[in-house]
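Just so it is clear, none of the values below were taken in a lab; they were calculated from the coordinates. Not measured: the values here are computed from a predicted model. With ideal geometry, Cβ positions are generated from the backbone for all residues, glycine too; neighbour counts draw on all protein chains shown.
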Amino acid sequence: MEFTDSQTERYSRHIILQDVGVEGQIKISEGKVLIVGAGGLGAPVALYLAAAGVGTIGIIDGDVVDLTNLQRQVIHFTPDVNKAKVLSAKEKIAQLNPEVKVIAYQELLSTYNIFDIIKEYDIVVDGTDNFPTKFLINDACVLAQKPFSHGGILRFEGQTFTYTPGNACYRCVFDSPPPPNVVPTCSQAGVLGSIAGMLGTIQATEVLKFLVNKGELLTNRILTFNALSMDFRTIRFGKNTNCPICGEHPSITGLQTYELPACDLKH
Amino acid sequence: MKIKVNGKTQEFNQAQIGLIELLQLNKVTNPELVSVQLNGLFVKREAYQETSLHENDEVDFLFFMGGGSLSTLNI
């Protein structure tokens with residue numbers, strides 16, 4: 001593929017970047033990324049990937065924009081309240097970079113649709129709030145050998161790692177979801193809005209590194225930070241031989257039932 | 001005795017300390033909230049009770065964190 005003058009100008013800061021260049025920008029432009037959740041994490045991920053010129057961005061979210069979202073979900077604006085999040089996100093991306101093809105899935109990710117959806121993409125970004133979906137994404141991606149970026153935030157803290165086939169997965173760290181209502185959600189415990197941006201931009205960076213195939217991904221290590229102390233740590237972890245899905249004797253060979261407590265559905 | 005907890009050294013008078021006690025001292029009252037790596041290997045949750053830490057052990061607590069967007073799951 002060849003870039004037009006306008007594209008060369010738009011992506012000039014990437015093109016002059018030593019480890020990206022024209023070659024890397026072509027890879028970005030041919031990249032297909034699925035973002036699960038157009039919320040606190042999905043918002044900055046979508047904006048930066050669109051600005052970077054990722055060719056196809058899929059966004060799945062069944063929710064509508066709520067006033068409480070605007071404190072951190074920077075892709076949605078005040079007039080978007082009550083609008084479907086995927087439509088709000090699609091409109092902003094179209095304004096930011098009309099060259100990006102956005103596929104909006106205004107639905108919920110489930111055991112029934114996840115394989116069909118993720119097979120269309122190179123990498124998946126987990127921007128979800130709940131553990132059943134995090135485990136669903138992990139299991140489907142491990143079974144389908146699909147790379148994904150895990151992200152979690154709470155209060156003043158964040159964590160992220162990147163899965164690629166053959167490396168450690170989410171279940172290597174957390175073998176099963178926590179009991180319902182034991183771990184507070186952001187709506188219960190609060191979250192500093194900018195934390196979502198800090199973590200989301202790290203996830204977007206991992207995706208871009210993955211697409212241009214440069215640097216070292218956050219595989220087999222988890223990055224955690226606490227914004228109050230502004231301490232960042234990277235904790236190494238290997239594939240867990242006891243992992244129930246990618247260990248030596250996996251007990252999970254297909255998708256399971258991933259229950260979301262009813263009281264968590266709305267808030 | 002010195003133990004490295006989440007990258008920072010903590011000092012104790014005794015020669016060993018139980019993992020559950022260490023978690024409590026670090027304000028983790030519910031062990032179900034945390035995944036524990038001891039000297040680079042994950043400790044099975046069933047083994048938390050019988051695990052104790054000794055001089056120069058390095059332990060990391062990894063917490064469940066959600067965040068982002070709700071309403072993405074439908075079963």
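Along each principal axis, taking the top coordinate minus the bottom one, the Cα set of the stretch A:112-249 gives 38, 37, 29 Å in descending order. Cα-based radius of gyration for chain A, normalised by 2.2 N^0.38 Å, reads 0.98.
Kirkwood's formula applied to the C-alpha pairs of the stretch A:26-90 gives a hydrodynamic radius of 11.8 angstrom.
Mean projected area of the convex hull spanned by the Cα atoms of the stretch B:2-63, taken over all viewing directions: 3.7 nm². About its Cα centre, the dipole of chain A is roughly 360 debye, where the only charges are +1 on Lys and Arg Cβ and -1 on Asp and Glu Cβ. Net charge near residue A:199, counting Lys/Arg +1 and Asp/Glu -1 over other residues with Cβ under 15 Å of its Cβ? Net local charge, residue A:199 excluded: -1. The fewest-to-most ranking of A:230, B:65, A:198 by surrounding Cβ atoms within 10 Å reads A:230, A:198, B:65.
Ordered by the number of other Cβ atoms lying within 10 Å of each residue's own Cβ, fewest first, A:194, A:149 fall into the sequence A:194, A:149. Kindly state, to the nearest 0.05, the FRET efficiency for residue A:232 paired with residue A:119, given R0 = 30 Å and r defined as their beta-carbon distance. The calculated FRET efficiency here is 0.30.
Assuming charge only on the beta carbon of Lys and Arg (+1) and of Asp and Glu (-1), the dipole of the stretch B:2-63 about its Cα centre is about 160 debye to the nearest 20. Remark: spin-label model distance residue B:30-residue A:71 equals 2.1 nm, labels positioned 7 Å along the Cα→Cβ axis.
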